[in-house]
Amino acid sequence: MTGRPGGEDARVQGPDVLGVPYRWLALGLVCLGIFLGTLDTSIINIALPTLADEFGVARDEVLWVSLIFILVTTGLGLIMGRLGDLYGRKRLYVVGFACFTAATGLSAIAGSLPELLGGRTVQAIAASMVIANGAAIVTDSFPASQRGQALGIMIGTVGIGVSIGPVLGGVLIEILDWRAIFWTRIPLGVVGSLLVIALLRDTPADERPTGLDLPGSFTLFFLLSAAVLAVNRGQAWGWGSPAIVGLFAATAVLVVAFIQIERRSRSPVVDLDLFRRVPFSGGILSAVLQFFGLTGSFTLMPFYLIDARGFSTLEAGAITVGFPLAMLVGSPLSGRLADRVGPRRVAVAGLVVVAAGLLSLATMNSETPVAGVVLRMIVAGAGAAIFLTPNTMVIMASVGPDRAGTASAAQTTARTMGNAIGIAVAGALFTSQAARYAIERTPLGLDDPVVAPDALISGIRLAFLVAGIVAVVAIPPALARGRARPPDP
């Protein structure tokens, strides 16, 4: 066991390797897993048009290649976090890493859309094991005095995966073919799997809780999957369509059933008492609202830059890369600051910056300089970096060691739900406002090439305005959480 200064009060310790303390090795392995997971999400979207042509299917059908990953990871996130609490986070992480790599290979050799969807489903199951337990592994491995810095580096890795994915995917498809976006990641997955098996340590078995809530786990999976599917496809299928209405009704019924099951369970998959803790519930709510607002930055900026301003795809990618890069640089700095002054004030400051960035994006027009667009994106990304790390610290510190996996997974679920709702709302606001603007000025509506750019900008401005207001609404939950310095283990 390591006895180096600064690591002695960590809950899980291990031997140094080549002079590198165990806690930094554990962080590196977690970052590798998170990088592969976020890269997978961002790299596949650029390939969707190519996949539609390859398999001869409609654009709406090929969307399931991305959607199935979102549905499964969201539905299983909290369950995998709880399984990590019960059976050991290393075990979940090892199995997830290995299965993700194998499923990536299956996806690479898929000969039809159903085969690819099967590979993507296995990928999603495996990714949920890895991502759900990442923050818990880092929290267990680091002393309280360094936890913010470590979590900041972990969150900054998300920015790397998000920013590299579209660019790398475009290059691989252009030079090779769509299968290369899977093949090229397998060596990294194999190496990562071997390192996780050899180096990662786990909590002692006698310190883990016992009992698996199977009824609650199944109910939670279908509840979250129905909710995300309804929100994600509401606009495409029609908010009043039988399918969407049925999904929302099923979600409501499953919520009631889940609460009843968890109240009676001896070992609930989600301890409902956690939501009575202001730091936990406030952190989760503010995270959902923050991601709700920020989603517009990713989903609407291509419409503004490419369709309304006439930039190429490559130019648009270069302009928007400021957002994830700001997250990459800012997250570790935010963590260090939170370690020194406490996470509450830093998190609130981050939300203020997020709101400022989103509201500034709502002022863009057809003549906004490129530098002005880049600066707005950087402000929004910096705000996210300032907020996410201390907010993660607060959430993780609000639960005991036996629920660290649940808390870690809750943040992933908050992000996914916020993104899903944000995409749906931003898309609805954007399309409705753009159509209204255009039809008021020409009988051709958005088909008029003269009016269309200004109409699109009008819709984008409204969506960003609402997103900025939502970010402001996220501030009270952050303020209401009280003092939340992470306690020593």
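From the list Ile173, Ile160, Ile137, the lone residue that is among the aliphatic types (A, V, I, L, M), within 23 Å of Thr101 (Cβ to Cβ), in a helix (DSSP H, G or I) and at pLDDT below 80 is Ile160.
Residues in segment 271-305 that are open to solvent by 10 Å² or more (accessible area, probe 1.4 Å) and either in contact with a strand residue (DSSP E or B) (Cβ under 9 Å, 6 or more places away or on another chain) or more than 22 Å from Val370 (Cα to Cα) (or both): 15 in all.
Taken over segment 100-114, the residue count meeting the criterion of being open to solvent by 10 Å² or more (accessible area, probe 1.4 Å) and either closer than 14 Å to Leu71 by Cα or in a helix (DSSP H, G or I) (or both) is 7.
Gly310: of a type outside the set (Val, Ile, Thr), loosely packed, with under 15 Cβ neighbours inside 10 Å and within 30 Å of Ala382 (Cβ to Cβ), yes or no? Criteria met by Gly310. Hey, can you tell me all the residues within segment 384-409 that are of a type in the set (A, V, I, L, M) and either farther than 10 Å from Gly283 by Cα or without any contact (Cβ under 8 Å) to a residue 40 or more places away in the chain (or both)? Result: Ala384, Ala385, Ile386, Ala397, Val399, Ala404, Ala407, Ala409. What about Ser265, is it among the hydroxyl-bearing types (Ser, Thr, Tyr) and either closer than 16 Å to Ala414 by Cα or in contact with a Lys or Arg (Cβ under 9 Å, 6 or more places away or on another chain) (or both)? Spelling it out, it is not the case that Ser265 is among the hydroxyl-bearing types (Ser, Thr, Tyr) and either closer than 16 Å to Ala414 by Cα or in contact with a Lys or Arg (Cβ under 9 Å, 6 or more places away or on another chain) (or both).
One line per residue, one yes/no per condition, for (1) open to solvent by 20 Å² or more (accessible area, probe 1.4 Å); (2) touching a strand residue (DSSP E or B) at 6+ places or on another chain (Cβ under 9 Å); (3) acidic (Asp, Glu):
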position: Gly28; (1), (2), (3): yes, yes, no
position: Leu32; (1), (2), (3): yes, no, no
position: Ile46; (1), (2), (3): yes, no, no
position: Ala58; (1), (2), (3): yes, no, no
position: Gly75; (1), (2), (3): no, no, no
position: Gly81; (1), (2), (3): no, no, no
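Scanning segment 206-238 for residues that are outside any helix (DSSP H, G or I) and without any contact (Cβ under 8 Å) to a residue 40 or more places away in the chain gives a single hit, Gly238. Residues of segment 86-99 that are open to solvent by less than 40 Å² (accessible area, probe 1.4 Å), assigned to a helix (DSSP H, G or I) and under 18 Å from Val196 (Cα atoms): Arg89, Leu92, Tyr93, Val94, Gly96, Phe97.
Considering each residue of segment 420-437 in turn, at least one proves to be without any contact (Cβ under 8 Å) to a residue 40 or more places away in the chain and among the charged types (D, E, K, R). Take Leu117 and decide whether it is modelled with pLDDT under 85, surrounded by fewer than 24 Cβ atoms within 10 Å (Cβ to Cβ) and touching a helix residue (DSSP H, G or I) at 6+ places or on another chain (Cβ under 8 Å). Considered against the rule, which asks whether it is modelled with pLDDT under 85, surrounded by fewer than 24 Cβ atoms within 10 Å (Cβ to Cβ) and touching a helix residue (DSSP H, G or I) at 6+ places or on another chain (Cβ under 8 Å), Leu117 comes out as no. Taking the criterion of being within 30 Å of Val352 (Cα to Cα) and either in contact with a Leu (Cβ under 7 Å, 6 or more places away or on another chain) or at pLDDT 90 or above (or both), the only residue of segment 234-284 that qualifies is Phe280.
From the set of residues in segment 397-411 that are farther than 16 Å from Leu92 by Cα and within 17 Å of the chain's Cα centre (by Cα), which is least open to solvent (accessible area, probe 1.4 Å)? Full working, then the answer.
We begin by selecting, within segment 397-411, every residue farther than 16 Å from Leu92 by Cα; these are 397-401, 410-411.
Adding the requirement that they be within 17 Å of the chain's Cα centre (by Cα) leaves 410-411.
Numbers: Ala410: 11, Gln411: 31 Å².
That would be Ala410.
Of all residues in segment 191-212, those satisfying the criterion of being open to solvent by less than 70 Å² (accessible area, probe 1.4 Å), modelled with pLDDT of 85 or more and out of contact with any Leu (no Cβ under 7 Å at 6 or more places or on another chain) are Ser193, Ala198. Of all residue pairs spaced 6 or more apart or on separate chains, those with beta-carbon atoms under 8 Å, a first member in segment 466-477 that is in contact (Cβ under 8 Å) with a residue 60 or more places away in the chain and more than 14 Å from Ala356 (Cβ to Cβ) and a second member that is open to solvent by 30 Å² or more (accessible area, probe 1.4 Å) and among the hydroxyl-bearing types (Ser, Thr, Tyr) are Pro477/Ser281.
Checked against the criteria, Arg340 counts as without any contact (Cβ under 8 Å) to a residue 40 or more places away in the chain and closer than 30 Å to Ser145 by Cβ. In the set (1) in a helix (DSSP H, G or I); (2) without any contact (Cβ under 8 Å) to a residue 60 or more places away in the chain; (3) of a type outside the set (Ser, Thr, Tyr), Glu367 fails one condition alone, (1).
For residues that are assigned to a helix (DSSP H, G or I) and among the basic types (Lys, Arg), scanning just segment 425-462, find the one that is least open to solvent (accessible area, probe 1.4 Å). Explain how you work it out, then say what you get.
Here is the first cut: in segment 425-462, the ones assigned to a helix (DSSP H, G or I) are 425-439, 445-447, 452-462.
From the residues that got through so far, the ones that are among the basic types (Lys, Arg) too are 436, 461.
Numbers: Arg436: 115, Arg461: 96 Å².
That would be Arg461.
Taking first residues from segment 46-71 that are closer than 19 Å to Ala180 by Cα and partners that are open to solvent by 50 Å² or more (accessible area, probe 1.4 Å), the Cβ contacts under 6 Å between residues at least 6 apart in sequence or on separate chains come to Ile46/Pro166; Ala52/Arg59; Ser66/Asn45.
For segment 176-190, name all the residues that are modelled with pLDDT of 90 or more, exposed (fewer than 13 other Cβ atoms within 10 Å of the Cβ) and not in a helix (DSSP H, G or I). Correct list: empty. Scanning segment 239-270 for residues that are assigned to a loop (DSSP other than H, G, I, E, B) and open to solvent by 40 Å² or more (accessible area, probe 1.4 Å) gives Trp239, Gly240, Arg266.
With respect to Ala126, determine if the residue is surrounded by 24 or more Cβ atoms within 10 Å (Cβ to Cβ) and either in contact with a Ser or Thr (Cβ under 7 Å, 6 or more places away or on another chain) or part of a helix (DSSP H, G or I) (or both). It would help to see each step written out before you state the result.
Values: surrounded by 24 or more Cβ atoms within 10 Å (Cβ to Cβ): yes; either in contact with a Ser or Thr (Cβ under 7 Å, 6 or more places away or on another chain) or part of a helix (DSSP H, G or I) (or both): yes.
Considered against the rule, which asks whether it is surrounded by 24 or more Cβ atoms within 10 Å (Cβ to Cβ) and either in contact with a Ser or Thr (Cβ under 7 Å, 6 or more places away or on another chain) or part of a helix (DSSP H, G or I) (or both), Ala126 comes out as yes.
The values are calculated or read from the model by the stated rules, or taken from the named source; none is laboratory data. All of these numbers come straight from a predicted model, not from anything done at the bench. For neighbour counting, all protein chains shown are included, and Cβ atoms are generated from backbone atoms with ideal geometry for every residue, glycine included. Please note that ligands, DNA and RNA were not included when accessible areas were found on the heavy atoms of the full protein model with its side chains. Shrake-Rupley method; radii C 1.70, N 1.55, O 1.52, S 1.80 Å.
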